[in-house]
Amino acid sequence: MEILTVNNVWMMICTGLVFFMHLGFSFLEIGLTRQKNTINILFKNIFIITVGLLLYCLVGFNLMYPGEFNGFLGFAGFGLNAPLNAEGVLDLTYNEGYTYWTDFLFQGMFAATAATIVSGAVAERIKIGPFMIFVLLYVGFVYPIAGSWKWGGGFLQTLETPFYDFAGSTLVHSVGGWAALVAVFLLGSRIGKFDENGKPQAIPGHNVPLATAGVLILWLGWFGFNGGSVLSADPALTSLTLVTTSLAAAAGGVFAFLVSTLMYKNYDLTMFLNGILGGLVGITAGADVMSPTDAIAIGAIAGAIIVFGVALVDKLRLDDPVGAIAVHLICGIWGTLAVGIFGSLASGAQFVSQLIGVGSYAVFCIITSFIILFVLKKTVGIRVSETEEIEGLDPHEHGMSAYPDFRLNEH
């Protein structure tokens, strides 16, 4: 009983840390965009965490953990039905690491994160109504169905060499990243992002200190994201996981800064920050099976990937204001494949299983997000008018300003 209590307290602390990540995402997103859209971005992030939790309670949790099912789609029923013992009291043998209620809340925080990734990529030009409809469908149904394939004991878990994704490089970050890619493609770029020759133009964020605070909050939150994914307070595994998580973050930041400095001849703080996030996303799939030096290598490669990934997104004339596609999608894929290359699971068979997992999620997420967003585009429209975009979403969508006593001249 004492062990269960210690494990459960650790899991609840990690749940709080993952919840805190939503503040980090909000700060990062508003910091890297313009002040005229701040209320809009904060509204989206608050909507995601509140509605995401309600949806996960009503349908998501039992879609993701349906019990015995065909490996592709199962549903254990609406709402939460905690296991009770003969006396009608919560059954504490549910899991030796945590109670049923803790399990739901920890997993619910993860579910909302997938939509938050999309929010950053579509910032400054998406209509709030269609975005909310997308969140309802993606968090309520797409994410938990995808999650069931691995964490719910589905077909990826039952491969001869099971697909491995410790805390969600693919299950959370790439699931959000694929949707972000589709959404950016269907939305088009912000006015002024590309000149008449297709050359990308910088649209600076209005508060880089806030973006920096956001990244440091996210790093802290990742201690819960990865540390909690041990699913107990096991001292050996939790401490190793926190070490590999931090080393990958540090290596990702340093290598993104070095590569971007060599390429662009300036010390770019935003590349440094996104490198940290790339390292964190990269280590998330295998944080518990890597040595410290493995973690540094994975993070370093992720940091370099960030620089080239951001350049690739620009070259494809896709407009991603916060670098979400490079960070969450590309580094998520890298981190997932890295499990087959580094660490205690490294093998040819494991690498093939990782490829199967990446491909499965790519197909499912691209198709579902495209259908949802394309239907919205053709029916109600997903992009604000040119006037609304130029003047800002805050006054038009929300009728208020984040900084009513402080105005910047923006175009």
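The values are calculated or read from the model by the stated rules, or taken from the named source; none is laboratory data. It should be emphasised that the depicted structure is a prediction, and the values quoted were computed from it without experimental measurement. Glycine also receives a Cβ, built like all others from the backbone with ideal geometry; neighbour counts cover every protein chain displayed. Protein only, heavy atoms only, side chains kept; ligands, DNA and RNA dropped before computing areas. Shrake-Rupley method; radii C 1.70, N 1.55, O 1.52, S 1.80 Å.
Computed quantities for the displayed model
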| read-out | value |
| --- | --- |
| Test result for Val254, of a type outside the set (Lys, Arg), open to solvent by less than 20 Å² (accessible area, probe 1.4 Å) and within 21 Å of Val310 (Cβ to Cβ) | no |
| Single residue of region 216-235 satisfying the filter (modelled with pLDDT under 95 and open to solvent by 30 Å² or more (accessible area, probe 1.4 Å)) that is nearest to the chain's Cα centre (by Cα) | Leu231 |
| Within region 183-215, tally of residues that are within 19 Å of the chain's Cα centre (by Cα) and assigned to a loop (DSSP other than H, G, I, E, B) | 0 |
| Qualifying positions in region 115-162 - small (Gly, Ala, Ser) and more than 30 Å from Thr387 (Cα to Cα) | Gly140, Ala146, Gly147, Ser148, Gly152, Gly153, Gly154 |
| Region 300-316, subset at pLDDT 95 or above and not aliphatic (A, V, I, L, M), residue surrounded by the fewest Cβ atoms within 10 Å (Cβ to Cβ) | Phe308 |
| Flag if Gly359 is surrounded by fewer than 24 Cβ atoms within 10 Å (Cβ to Cβ) and closer than 13 Å to Ala248 by Cβ | no |
| Leu53 in a helix (DSSP H, G or I), touching a helix residue (DSSP H, G or I) at 6+ places or on another chain (Cβ under 9 Å) and open to solvent by 40 Å² or more (accessible area, probe 1.4 Å) | yes |
| Filter result for the condition that a residue is hydrophobic (A, V, I, L, M, F, W, C), open to solvent by less than 10 Å² (accessible area, probe 1.4 Å) and out of contact with any Asp or Glu (no Cβ under 6 Å at 6 or more places or on another chain), over Ala287, Ala297 | Ala287 |
| Residues that are polar (S, T, N, Q), part of a helix (DSSP H, G or I) and more than 13 Å from Arg125 (Cα to Cα), drawn from region 344-395 | Gln350, Ser353, Gln354, Ser360, Thr368, Ser369, Thr379 |
| Pair list, Cβ under 7 Å, 6 or more apart: region 311-325 residue more than 19 Å from Met263 (Cβ to Cβ), other residue open to solvent by 90 Å² or more (accessible area, probe 1.4 Å) | Leu318/Phe185 |
| Test result for Ala304, in a helix (DSSP H, G or I) and touching a Phe, Trp or Tyr at 6+ places or on another chain (Cβ under 6 Å) | yes |
| Only listed residue being open to solvent by 40 Å² or more (accessible area, probe 1.4 Å), in contact with a helix residue (DSSP H, G or I) (Cβ under 8 Å, 6 or more places away or on another chain), touching a residue at least 24 places away in the same chain (Cβ under 8 Å) and acidic (Asp, Glu), chosen from Glu124, Glu160 | Glu160 |
| Those residues of region 218-239 which are hydroxyl-bearing (Ser, Thr, Tyr) and closer than 14 Å to Ile283 by Cβ, in sequence order | Ser229 |
| Candidates Gly129, Gly176, Gly140 - the one that is touching a residue at least 24 places away in the same chain (Cβ under 8 Å), out of contact with any helix residue (DSSP H, G or I) (no Cβ under 7 Å at 6 or more places or on another chain) and in a helix (DSSP H, G or I) | Gly129 |
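The rows are residues; the columns are (1) at pLDDT 95 or above; (2) surrounded by 13 or more Cβ atoms within 10 Å (Cβ to Cβ); (3) touching a Ser or Thr at 6+ places or on another chain (Cβ under 9 Å).
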| residue | (1), (2), (3) |
| --- | --- |
| Val363 | yes, no, no |
| Lys378 | yes, no, no |
| Gly392 | no, yes, yes |
| Pro395 | no, yes, yes |
| His398 | no, yes, no |
| Ser401 | no, yes, yes |
| Asp405 | no, no, no |
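So that you can scan it fast, the table gives a plain yes or no per residue for (1) closer than 27 Å to Glu2 by Cβ; (2) touching a residue at least 60 places away in the same chain (Cβ under 8 Å); (3) surrounded by 22 or more Cβ atoms within 10 Å (Cβ to Cβ); (4) not small (Gly, Ala, Ser):
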{"position": "Leu32", "(1), (2), (3), (4)": "no, yes, yes, yes"}
{"position": "Gly60", "(1), (2), (3), (4)": "no, yes, yes, no"}
{"position": "Met64", "(1), (2), (3), (4)": "no, yes, yes, yes"}
{"position": "Asn70", "(1), (2), (3), (4)": "no, no, no, yes"}
{"position": "Pro83", "(1), (2), (3), (4)": "yes, no, no, yes"}
{"position": "Gly88", "(1), (2), (3), (4)": "yes, no, no, no"}
{"position": "Thr93", "(1), (2), (3), (4)": "yes, no, no, yes"}
{"position": "Gly97", "(1), (2), (3), (4)": "yes, yes, no, no"}
{"position": "Tyr100", "(1), (2), (3), (4)": "yes, no, no, yes"}
